[in-house]
Amino acid sequence: MRLYAIRTRTVKVGDDLVKIILASLKEQNLQLEDNDILVVTSKIIAVSEGRIAKLSDVTPTGKAKKLAKQFSLQPEFAELILREADKIYGGVEKAVLTLKNGVLTANAGIDNKNAPNGYVVLWPSNPKKWAVHAREEIRSRTGAKIAILVIDSGLVPLRKGTMGLALATAGFQPVKDCRGENDIYGKPLTITQRAIADDLASAAHLLMSEVAEKTPLILIKDAPVDYDDGVYDSADMMMPFNECIFMGSFGYS
């Protein structure tokens, strides 16, 4: 498997992302081929869609002020968390643990990193829909039948730092079910499923980094995945609460 980090110009509201992607690939002499996987950070999708918020335009409610005080946040930022999160579980200083679109994430995916001063970036409105659109547009403009992977930064309990988190895929299966297969001693596996999309998201996340590199795209060639024409989002990758070792252990439902 080979991965290539792709630099782009700064993406702005209303930009044609597919046009930017193809131009950036051309500038770096990279050719799209069938079964390539294009990894796209959710942030540039959100920015192009106008999913950014100016904090000074947000009026915090009393509930937001209370949340802000509890976790040392700006009240306006806390208000956006309340609007975007499906559920709030708790948190620590500067970070609130939320459920958003079936994903456990900090601050409902809202981020002020690599956002204009005074602004924050929200998650895209529909990563799955965007992945379908991008895949079809790229095939129409280049003839290449590629796959799309939309990612963001994620966290693992009790581990320092961020890793890649898959929000949507188009063109390959995001989870491989290994249950029923035998291990090296012939014992059948009973619970093992592999998070293929998250594995690729983490590999891409390593090359993208999170500071000022301006590499929001990663091209993956020869990935060991099961290609198909399916489209999947975080709901398709979500484990039921009662089967999740973390949520189940703490009694959440």
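Every number in this text was worked out from the coordinates using simple rules, so none of it is lab data. The shown structure was predicted, so the numbers you read here are calculated from the model rather than taken from an experiment. With ideal geometry, Cβ positions are generated from the backbone for all residues, glycine too; neighbour counts draw on all protein chains shown.
At most 15 other Cβ atoms within 10 Å and a DSSP loop assignment: could you name the chymotrypsin sites (Phe, Trp or Tyr not before Pro) in the stretch 206-250 that fit?
The qualifying sites are PHE250.
From the helices alone, meaning DSSP H stretches of at least four residues, give me the mean residue ellipticity at 222 nm for the chain, per-run term -39500 (n - 2.57), in deg cm²/dmol to the nearest 500. Walk me through the intermediate numbers first.
Details: 8 runs with 76 residues, N = 253.
Estimated from H runs of four or more residues: -8500 deg cm²/dmol.
At 7 Å along the Cα-to-beta-carbon direction for both SER253 and LYS65, put a label point, then send me their distance in nm to one decimal.
Each label point lies 7 Å from its Cα, and together they span 3.6 nm.
Can you work out the FRET efficiency for the pair GLN74 and ILE184, with r the C-beta to C-beta distance and R0 = 51 Å, to the nearest 0.05? Walk me through the numbers before you get to the answer.
Values: r = 53 Å, r/R0 = 1.03.
E(calc), rounded to 0.05, equals 0.45.
Say the dipole of the chain comes from +1 at the beta carbon of Lys and Arg and -1 at that of Asp and Glu; which of ALA23, ASN107, SER125 then lies farthest toward its positive end?
Result: ASN107, furthest along the dipole toward the positive end.
Return the distance in nm (one decimal) between the two label points of a simple spin-label model at ASP16 and LEU82, each offset 7 Å from Cα along Cα→Cβ.
Output for this residue pair reads 4.2 nm.
List the trypsin sites (Lys or Arg not before Pro) within the stretch 121-179 that DSSP assigns to loop and that have no more than 15 neighbouring Cβ atoms inside 10 Å.
Working: sites: LYS128, LYS129, ARG135, ARG139, ARG141, LYS145, ARG159, LYS160, LYS176, ARG179; in loops: LYS145, ARG159, LYS160, ARG179.
Qualifying residues, ordered by number: ARG159, LYS160, ARG179.
Can you tell me the FRET efficiency between GLU33 and ARG194 if r is taken as the Cβ-Cβ distance and R0 is 25 Å, rounded to the nearest 0.05?
Numbers: r = 25 Å, r/R0 = 0.99.
After rounding to 0.05, the efficiency reads 0.50.
Suppose a student asked you for the relative contact order of the stretch 52-122, using Cα pairs under 8 Å spaced at least 6 residues apart; what percent would you report? Write down the numbers at each step before the final one.
Working: 117 pairs, mean separation 20.4, N = 71.
After rounding, I find 29 percent.
Only four residue types carry charge here, +1 at the Cβ of Lys and Arg and -1 at the Cβ of Asp and Glu. Report the dipole size of the chain about the Cα centre in Debye, rounded to the nearest 20. Each step should come with its number before you reach the end.
On the way: 32 positive and 31 negative charges, 166 e Å.
Rounded to the nearest 20 debye, it is 800 debye.
In whole Hz, what ³J(HN,Hα) sequence does the stretch 40-54 give by Karplus (6.51, -1.76, 1.60; θ = phi - 60°), x for Gly and Pro?
10, 5, 4, 5, 6, 5, 4, 4, 4, 7, x, 7, 10, 9, 8
Let me check the size of the chain from its C-alpha atoms; what are the radius of gyration and Dmax in Å?
In Å, with Rg to one decimal and Dmax whole: 19.0, 61.
Return the long-range amide H neighbours of ALA115 (sequence gap of 5 or more, or a different chain), with a cut-off of under 5 Å between placed amide H atoms.
Amide H neighbours of ALA115: none.
Which part of the stretch 121-155 falls in the paramagnetic zone of GLU213, meaning amide N under 16 Å from the point 7 Å along Cα-to-beta-carbon?
151-154
Can you compute the label reach from TYR227? Point 7 Å from Cα along the Cβ direction, backbone N cut-off under 17 Å, restricted to the stretch 8-44.
The answer is 31-39.
In the stretch 49-118, which GluC sites (Glu not before Pro) are in a loop and have at most 13 other Cβ atoms within 10 Å, using DSSP for the loop call? List each step's numbers first, then the result.
Working: sites: GLU49, GLU76, GLU79, GLU84, GLU93; in loops: GLU49, GLU93.
Of the GluC sites (Glu not before Pro), the ones in loops of the stretch 49-118 whose Cβ has at most 13 other Cβ atoms within 10 Å are GLU93.
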